[in-house]
1. For segment 398-430, which residues satisfy the criterion of being touching a Leu at 6+ places or on another chain (Cβ under 8 Å), at pLDDT 95 or above and either in a helix (DSSP H, G or I) or open to solvent by less than 40 Å² (accessible area, probe 1.4 Å) (or both)?
2. Within segment 206-230, can you find the residues that are among the aromatic types (Phe, Trp, Tyr), modelled with pLDDT of 95 or more and within 18 Å of Ala117 (Cβ to Cβ)?
3. Any chance segment 180-199 includes a residue that's on the phi > 0 side of the Ramachandran plot, at pLDDT 95 or above, open to solvent by 30 Å² or more (accessible area, probe 1.4 Å) and out of contact with any His (no Cβ under 8 Å at 6 or more places or on another chain)?
4. All but one of (1) touching a helix residue (DSSP H, G or I) at 6+ places or on another chain (Cβ under 8 Å); (2) closer than 19 Å to Glu330 by Cα hold for Gly397, so report the exception by its number.
5. Within segment 125-169, restricting attention to residues that are among the aliphatic types (A, V, I, L, M) and under 23 Å from Gln205 (Cβ atoms), which residue is most open to solvent (accessible area, probe 1.4 Å)?
6. Within segment 38-49, is even one residue within 29 Å of the chain's Cα centre (by Cα), more than 18 Å from Ile371 (Cα to Cα) and either buried (at least 19 other Cβ atoms within 10 Å of the Cβ) or modelled with pLDDT of 95 or more (or both)?
7. For residues in segment 282-310 being closer than 20 Å to Gly223 by Cβ and part of a helix (DSSP H, G or I), which is most open to solvent (accessible area, probe 1.4 Å)?
8. Note down all Cβ pairs under 9 Å where the first residue falls in segment 250-262 and is acidic (Asp, Glu), the second is assigned to a loop (DSSP other than H, G, I, E, B) and surrounded by 24 or more Cβ atoms within 10 Å (Cβ to Cβ), and they're at least six residues apart or on different chains.
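The values are calculated or read from the model by the stated rules, or taken from the named source; none is laboratory data. Since the model is a prediction, treat every value here as computed from it, not as a measurement. A quick note on method: Cβ atoms are made from the backbone with ideal geometry, for glycine too, and the neighbour counts reach across all protein chains shown. For the accessible areas, the whole protein counts, side chains as well, though only heavy atoms, and no ligand, DNA or RNA atoms are used. Shrake-Rupley method; radii C 1.70, N 1.55, O 1.52, S 1.80 Å.
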Amino acid sequence: MRKISSAALFAITILFFASCQKGIDDTVTTPPGDSTGSQTPSADDLIKDTVLLICQDVYLWNTQIPASFDARSYESPEDEMIAIRQFSHETGFADPVDRFSFAVKQDEWDNVSTGVAEDFGMSIFFNTPTDLRVKFAEIASPSGMAGIKRGWQIIKINGNSQIDTSEATINRIVDAVFYSESTSFTFKKPDGSETAITLHAGTYQTHPIFADSVYTVNGKQVGYLALNSFLGDTTAIYTEFARIFSNFQSKNVSEVIVDLRYNGGGYVSMAEKLANYLAPVASNNQVMYTETFNANYTNYNTTALYKKLGTVNAGKIYFIVSDNTASASELLINALKPFVEEKLVGPAYNTNGKPVGFFPIPVGDWYTFPISFKTVNKDGYGNYFDGFTIDHPTWDGLDKDWGDTEENCLHSVLTYIQTGIFGYADNGPGNISNSVVSKNVRAINKKIQSRTAFTGAVAKEKFR
């Protein structure tokens, strides 16, 4: 690959500062033309060159990228970013720790980040190799407006009742659920009745708060909040946070259950907001987390302090999690750990393991997301690339709706609060996501998950 001038590197540095301070910059910044007299590189090559320069500058492990790395040998910035991941070695880990850096077209990211979607708004999960369930239905989406609920069983798709985890069947299912303009479904509801619904893809605003409630357990008031991501319309979500915690406060909630089982992360600022509601009063003005960059950007290292919101003073917080619980969700758990007693319950043995984050940096019509910072909590802990160990692995209650006290994960926590012993062990239908007994189901669900979820922490400096 041709050598890029120092002026180009300076331009990329300015681009990074702009992305941190001023929001998305629509200007395209690319390296200057080749002055050696050789053939002028294509626009695609210049974009890939620029992506590499950005990584050499802002990537957390930038000094590990070899000088021989050939950006133009990759099909796209997306493939290039995947290749960059191999240069992320951390002491104590045999394999590269970066599984997250990526690139995406700007229009795709703009929709994801603001919570605007255009599909059925329904996600699915295999409960067993022949039992396909609705994992969730977005409230404002075509599926939500049709009244479809989590836990409904899908027994026919476009009239075809073959539901299994063979490759041909799963490809047909994924295409029908996630890539079709119109699909007919037959559902079996929890009461055993069946209903046929034809869904048509539509545009809607996602709403990551799936449920909230307060339960009375042994005389204690226990708050419950199910949050599917830290992305979306922050103004609307913060209004909901205020309503929910005002209700918790009015009912004297003393313990809280936070359901993050499918939450792949999002805005650090949103996780910070929720942490300020959840943290005990004693945490006020103490360290929430410290964010550090590579040696080129130590002036961006910051420490966030707790600014307690509301008066809910939970002595214990129970997190319902899985191996899809990542990034900003794990940041929330880690930041609260020095201040409250935590228990983790859910359908996995560890959370995802992403103590790092990134910014969207524009390059042509792409955004590139190189891992750029890591976080540690008040006690300096943050190298959880293997995830947090889950205290009570138990199967995902895919047969019940959000907030149902008989839903397996929630029931397990409520039983613990009542008796000191978790309800239901790892003896369900085998849908614990990293369990040997569910290897086939896990492989299929991972395929579905990869099509439908974002895993990341987007630094708060980028989005206000």
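1. Matches in segment 398-430: Gly403 only.
2. Of everything in segment 206-230, just one residue is among the aromatic types (Phe, Trp, Tyr), modelled with pLDDT of 95 or more and within 18 Å of Ala117 (Cβ to Cβ), namely Phe210.
3. Applying the first criterion (on the phi > 0 side of the Ramachandran plot) to segment 180-199 yields 192.
From what is left, the residues that are at pLDDT 95 or above are 192.
Still in the running and open to solvent by 30 Å² or more (accessible area, probe 1.4 Å): 192.
Now drop any that are not out of contact with any His (no Cβ under 8 Å at 6 or more places or on another chain), which leaves 192.
The answer is yes; a qualifying residue exists.
4. Failed condition: (2).
5. Met145
6. Scanning segment 38-49 turns up at least one residue that is within 29 Å of the chain's Cα centre (by Cα), more than 18 Å from Ile371 (Cα to Cα) and either buried (at least 19 other Cβ atoms within 10 Å of the Cβ) or modelled with pLDDT of 95 or more (or both).
7. Ala282
8. Within 9 Å, the pairs are Asp259/Asn228; Asp259/Val321.
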